[in-house]
Amino acid sequence: MSMNNSSEKIDRGRRSFIGVTAGTAAVAVAPGVVLHTMAGAAPRSEAVTSDVRWGMLIDTAKCADGCDACVKACDDENGLNLQIKPEGEGDAKWDQQVAKWIRKVKLQDNATGHLTNLPLMCQHCEHPPCVDVCPTGASFKRADGIVMVDRHTCIGCRYCMMACPYKARSFIHEVVAEKLTRAPRGKGCVESCNLCVHRRDNGESSTACVDACAAEGHNAILFGDLKDPESPLSKALGALPSRQIRQDLALNTGVRYSGV
Amino acid sequence: MKRIVYREWRLTPQRYWGLLAILAAVAGLGGLAFLYMEHEGHWVTGMTNQVVWGTPHVFAVFLIVAASGALNVASIGSVFGKTLYKPLARLSALLAIALLAGGLMVLVLDLGRPDRLIVAMTHYNFKSIFAWNIILYTGFMAIVIAYLWTMAERKGNPYTKSVGFAAFVWRLLLTTGTGSIFGFLVARQAYDAAILAPMFIVMSFALGLAIFLLVLMLSFDQDGRPFGDSLFFRLKNLLGVFLGSVLLLVLTYHLTKLYGTKYHGVEAFLLVSGGVYTLMFWVGWILVGMLIPLGIIYHPVLGKDRTWVASACGLVVLGGLAAMYVIIVGSQAYPLEMFPGQTIIASGFYDGVNGEPASYIPSLPEFLLGLGGIAVAMLITAVGIRVLQFLPESLADEDVDPHAAAKA
């Protein structure tokens, strides 16, 4: 009994402390929450429009050999590092089955030996072959140019993976134990880079890979609105010679490269 | 010429149930393999993010292609008016339905989300050839069932020719659709070719006829029905013509690709340096699947021997599977050419570093699922000919061949 009494006393003390702390925290945080909601309200409550087209310019001259900050940032941002190798699976095969949205590629020119480093991900085509071939329409392009997969209607046929010229898509081969709310994931569906679509919907101005590249001091990736002639992206595209990977396919990609 | 009489397959019950038990066991293993892959996820298969379609697709596409080809014998009778072939029309249509059902089963059970089949049936993207194929497959089933009805039901007889014609046109569209699943893929060097559609059509002629001949010979042999030389020689010679046509289209496909320098990489891979895929192409498809069967079929002695011709049909089937393996898996193993004139020397996602092809090692569950599809097709056929009147009582020359009958 005495033990119970003493624990009750302690409880009362904790409760009042928690109460005061929570109250103080609420007063301190509430204006921020309201502001954040107001800031986010516009993009979330209104339909995505085609007034913008999100895109990127990757300056391969600035992309550093051996740096994989963009890959790691993407893994963190989209919960790709939460994928767990199933028990009994070999390392080598798992590495070929685990989903990756962005990878670093190093090229050597056959004639000159010139080396180029670049990150490669979904190129967010204006005419995406993955969207053309998807039988259910699960692979789709948003009005703002982002190509992504509707995970409610993806049947896991992988035809989009057959059709993508950039091998940008991954299939979820394993049971998913943990995932992030902003990047839902399920066994048996296909996914790929969506230009951090949750950030777009929250009105944020960059992607995880862009931020990581900038934090490393490389600034090799520039993100922005291709339709706005005044955007830093459009200005950079005007200043630097750039091209699309597999330009011959005339897909008008949203991701452009300079120095390839 | 006598009136054609159809009779149920009179196999002894022991043999019949024994056959069903074996087929059901193989189909059951396929079912278990599906449950295992569905429960665990595709990591238990050999498929990866580099080779996304594997052994199940080899079997599924093989069966679907063979299905449309199996209908040819019926079309020759109904559409082209060759009375000699008419007694075979019912079996031809049944086999077409059975093979398609087996193939579709494998295709659906290999989906990442087979539970969402209803989504595939209710959400259509009409720019997708895959979506069109779903319509083509279900339409094929419906038309061929109607076709069977017109043949089996006296009231339907007047419509046999018109429904048979619709079925014939539909089967050509279906195989065009199947070939186009690959032909339309602009991104991959081995695909992106219109010739894949007609190539799949002539492949379907050969594969469907080889399977048809095997089933016909086996079922007739088992309950001692007469099968005259007149029809037998025509069917096996027709198989020879179909195999020759496949050879021509395969040659044209590769010559076309070889002519332009930009495809030399993929051609060198498939024809010379592709390891197992090169072996599958030359030995599996060209030699075992076409040249040896052609040699047997047109051999003055062996070509008259039914066991040899049946072996030739078996080789055509094996060659067909090898062909699908090269077309489906080999073409994915060859890395996408994204940077012409450059070599990828490092990549975090297997982009063919230093030209290294993507690896794919088929797993047992995938193989069992594929075999399960064949077993289901054979199960439908066996039950069909046993309980319904699909097989003609006799294919003896004097019963089916107007010329032989006239001579007699």
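Readers should treat all values here as calculations from the given coordinates under stated rules, not as data from a laboratory. Small disclaimer: the values here were computed from a predicted structure and weren't measured. FYI the Cβ positions are ideal-geometry reconstructions off the backbone, even for glycines, and counts take in every protein chain you see.
Observations on the model:
- Across region A:74-82, coupling constants 3J(HN,Hα) worked out from phi with the 6.51/-1.76/1.60 Karplus curve, θ = phi - 60°, read 5, 4, 5, 4, 10, x, 5, 7, 8 Hz, and Gly and Pro carry x.
- Cα-based shape type of the protein assembly as shown, given that a ≥ b ≥ c are square roots of the gyration tensor eigenvalues and the cut on a/c is 1.5: prolate
- Sorting A:Ile172, B:Ile22, B:Ile286 from the fewest to the most surrounding beta carbons within 10 angstrom yields B:Ile22, B:Ile286, A:Ile172.
- Solitary cysteines of the protein assembly as shown, where the nearest other Cys Cβ is not under 4.7 Å: A:Cys63, A:Cys67, A:Cys74, A:Cys125, A:Cys134, A:Cys157, A:Cys164, A:Cys196, A:Cys213, B:Cys313
- Convex hull volume of the Cα atoms of region A:156-260, normalised per residue: 145 Å³.
- Distances between placed amide hydrogens fall under 5 Å for A:Ser139 paired with A:Asp150, all partners being 5 or more residues away or on another chain.
- Computed [θ] at 222 nm, deg cm²/dmol, chain B (DSSP H ≥ 4; -39,500 (n - 2.57); rounded to nearest 500): -20500 deg cm²/dmol
- Residue by residue, region B:330-339 carries 3J(HN,Hα) couplings of x, 5, 7, 5, 6, x, 4, 8, 9, 10 Hz when phi is fed to the Karplus relation 6.51 cos²θ - 1.76 cosθ + 1.60 (θ = phi - 60°); x denotes Gly or Pro.
- Each of A:Asp228, B:Asp397 was scored by other Cβ atoms within 10 Å of its Cβ. Arranged with the fewest first, they read A:Asp228, B:Asp397.
- As a length-normalised measure over Cα pairs under 8 Å and 6 or more apart, the relative contact order of chain B settles at 33 percent.
- Take each residue of peptide B:344-355, count the partner chain Cβ atoms within 10 Å of its Cβ, and average: the result is 6.
- Taken residue by residue and averaged, Cβ atoms of other chains lying within 10 Å of the Cβ of A:92-99 number 5.
- Residues B:Trp170, B:Trp43, sorted so that the one with the fewest Cβ neighbours within 10 Å comes first: B:Trp170, B:Trp43
- Computed from phi, the 3J(HN,Hα) profile of region A:86-93 under the Karplus parametrisation 6.51, -1.76, 1.60 (θ = phi - 60°) reads x, 5, x, 8, x, 4, 5, 5 Hz, with x in place of Gly and Pro.
- Per-residue mean of C-beta atoms belonging to partner chains within 10 Å, peptide B:110-120: 6
- Built amide H within the under 5 Å cut-off of A:Val255, gap 5+: A:Met56
- Residues whose amide H comes within less than 5 Å of that of B:Glu337, counting only those at least five positions distant or on another chain, are B:Gln189 (H built at 1.01 Å from N in the peptide plane).
- Acute angle (nearest 10 degrees) that the helix B:306-324 long axis makes with the longest principal axis of chain B, alpha-carbon atoms: 30
- For chain B, modelled as a GNM whose springs connect Cα atoms under 10 angstrom apart, the maximal fluctuation among B:Gly18, B:Gly372, B:Gly265 occurs at B:Gly18.
- In the structure shown, the pairs A:Lys62/A:Lys187; B:Lys82/B:Lys155; A:Lys72/B:Lys262; A:Lys167/B:Lys262; A:Lys187/A:Lys227; A:Lys93/B:Lys262 are assessed against 29 Å; a Cα-Cα span above that value is assigned to A:Lys62/A:Lys187; A:Lys72/B:Lys262; A:Lys187/A:Lys227; A:Lys93/B:Lys262.
- Full-extension gain in nm, B:Val353 to B:Ser311, via 0.36 nm per residue minus C-alpha separation: 10.9 nm
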